[in-house]
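This report refers to the structure that appears directly beneath it.
The values are calculated or read from the model by the stated rules, or taken from the named source; none is laboratory data. The structure presented is a predicted model; accordingly, all values stated were derived computationally and were not measured. Positions of Cβ are generated from backbone atoms using ideal geometry, with glycine treated the same way; all protein chains shown enter the neighbour counts. In case anyone asks, the SASA skips ligands and DNA or RNA and just uses the protein heavy atoms, side chains included. Shrake-Rupley method; radii C 1.70, N 1.55, O 1.52, S 1.80 Å.
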Amino acid sequence: ISSSEEIFNESKQAYEECLQRSGYTNVELKYRPTSEGEPRSRRKRTRNILWYNPPWSESVATNIGKQFFRLIDRNFPSDHRYRKFINRNCIKLSYSCMENMRSIITKHNVSLLKKHNAPAPTNERLCNCRNGTECPLEGKCLTKSIVYEATLKTSKDTFTSVGLTGDTFKARYSTHKSSFTHEKYRTATALSQKIWELKESSTDYTLTWSILKKAHAYKGGGKGKCDLCLTEKLEILKRSRWKGCLNSRTELLSKCRHQRKFTLIRTK
């Protein structure tokens, strides 16, 4: 640490005496200058960083990062025993916008199994109505796993209702027809309630059906999401501000009805 040999020789005697009193013999300190081109070795150590990755959502207005670090400062003050390991320098925050490795692998496996177990293409019938011109879905009443829309028109107003079915549309349509015909089922859906109101007021109306989207219902062992239910909720959200939308906002909070058949309570 001496800048020159003269300064080193003036100071080394005190160090040599200390070493001799400590039991060292034949101690002689020598000056060794460092070369100008030789850089000093620096200690390289990487910090152990603990990352917190909350999922990103545009609907959250709270500053999650600010609140999170405020909790760290409050619960781990400078005199805390774990302050060395939990502080702003050791903990970093970054929003998570991508799927984790488990969901990526699961999605990949499902896609491979779907291709491997795909049935051979067959000429399936899309309609089995006796009179094709009277098909409620224009010749596609046997389509499965769809989100559909019912449009109810009167001379003054137009009402819409969004629904879904994991089975064929014709099976769901028969249930709708029962609620339109038998008064004891008039409260089955918002659409049936409106139709009964129009009947009681002797108002003429026309009812048409159309397919909005096709999606896959929940399957056991998948990623835990039902694309069919999510697609229906998305279509309801698109029409939530429409004056004639018959769907209620509580339908957005409903649970997936297709997961129940995969629970243990359904096994025999």
Checklist entry - So which residues in the range 101-130 are modelled with pLDDT of 85 or more, open to solvent by 60 Å² or more (accessible area, probe 1.4 Å) and not in a helix (DSSP H, G or I)? => result Leu126, Asn128, Arg130
Checklist entry - Here are some residues: Thr133, Thr62. Which one is β-branched (Val, Ile, Thr), in a helix (DSSP H, G or I) and free of Cβ contacts under 8 Å to residues at least 40 places away in the same chain? => result Thr133
Next on the checklist: Being free of Cβ contacts under 8 Å to residues at least 24 places away in the same chain and either open to solvent by 80 Å² or more (accessible area, probe 1.4 Å) or among the aromatic types (Phe, Trp, Tyr) (or both) is the requirement here; does Asp167 meet it?
Outcome noted: yes
Next on the checklist: Looking only at the range 82-100, how many residues end up being part of a loop (DSSP other than H, G, I, E, B) and within 18 Å of Ile49 (Cα to Cα)?
Outcome noted: 11
Next on the checklist: Restricting to the range 217-241, give me the number of residues that are in contact (Cβ under 8 Å) with a residue 60 or more places away in the chain and in contact with a Cys (Cβ under 8 Å, 6 or more places away or on another chain).
Outcome noted: 4
Checklist entry - Applying the selection to the range 189-246, what residues are small (Gly, Ala, Ser), out of contact with any helix residue (DSSP H, G or I) (no Cβ under 6 Å at 6 or more places or on another chain) and assigned to a helix (DSSP H, G or I)? => result Ala190
Checklist entry - Which residues, counting only those in the range 131-142, are over 15 Å from Ser174 (Cβ atoms) and open to solvent by less than 30 Å² (accessible area, probe 1.4 Å)? => result Gly139
